[in-house]
Amino acid sequence: MSRTGSKDHGDELLIRLGTLTAQARAAAEVQRSRVELAVALQRGMLPRGLPAGDGVRLAVRYVPANQGLNVGGDWYDAFSMPDGRIGLSIGDVQGHNIEAAAFMGQVRVGLRALASVDSDPGELLARTNELLLTLGADLFATCTFMRLDPETRVLESARAGHLPCVWATADGRSGVTEDEGGPPLGVQSGSVYPVTRYRLDSGGVFVMVTDGVVEGPSMRLDEGLEQVSRLAGIAAVARMDADALAAAVIKGAAEVGHDDDAAVLVIGHEPSGQP
């Protein structure tokens, strides 16, 4: 082969390499834009303020999954209901893309809207389930919805395929709730969601989480829930405020080795006279 032929062949390879590099950069830029858009959707749909009253304190932490191609659809919400009680929800949409983030917004808005019509947690999840089925989406969501009466500190809870909550009392007892749940939202028409009632003890806490907090390559689900239970027990005994507990729980989530969203919602009670 002549030197000229060899040079022409080398130039052709360089041109092809340059084209492939440009295509890879363009694809990376598109994906980066998709991730930024999804994260913006997630953050824009989360509440900017949290209700409180009669010693009840709420705190949240949220870390979106935006590593690589993963963009999740976790959410939390807390809002005042027409009857004076507080609505609390946390959940996780199937999938890791913009569609999951958008569907998350539909679920959250649907829960808020229907809560003004029927605030019973079980009926609320059932109505939301039927609403999502009419949308014809191929996605589903797990969710826990709680209704809290700030005066009596009674919590009414219903679960749709979601993780149980963690509880702790001021005397150091802690554990995981064992309430009966129903199927995820958007899967089956006519689903029933039983309601379980709890009481937020003086100085006690309830912790709602998504699976990115307690389950991953480095930790099994039961181990993750036990870790949160220990943290909640320590926090209640030490009279740690809800915000500090939420920060500790989300920090512990780094140990599970997850690449999923991580959301925490803490419901705490500060006894009278506690700063």
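The values are calculated or read from the model by the stated rules, or taken from the named source; none is laboratory data. Model, not experiment: these values are computed from the prediction. Note: ideal-geometry Cβ built from the backbone for every residue, glycine included; neighbour counts use all protein chains shown. In case anyone asks, the SASA skips ligands and DNA or RNA and just uses the protein heavy atoms, side chains included. Shrake-Rupley method; radii C 1.70, N 1.55, O 1.52, S 1.80 Å.
Some notes on this structure:
- Taken over the range 222-257, the residue count meeting the criterion of being more than 20 Å from LEU58 (Cβ to Cβ), open to solvent by 70 Å² or more (accessible area, probe 1.4 Å) and more than 17 Å from the chain's Cα centre (by Cα) is 6.
- Under the condition of being out of contact with any Cys (no Cβ under 8 Å at 6 or more places or on another chain) and open to solvent by less than 10 Å² (accessible area, probe 1.4 Å), the residues counted in the range 111-127 number 4.
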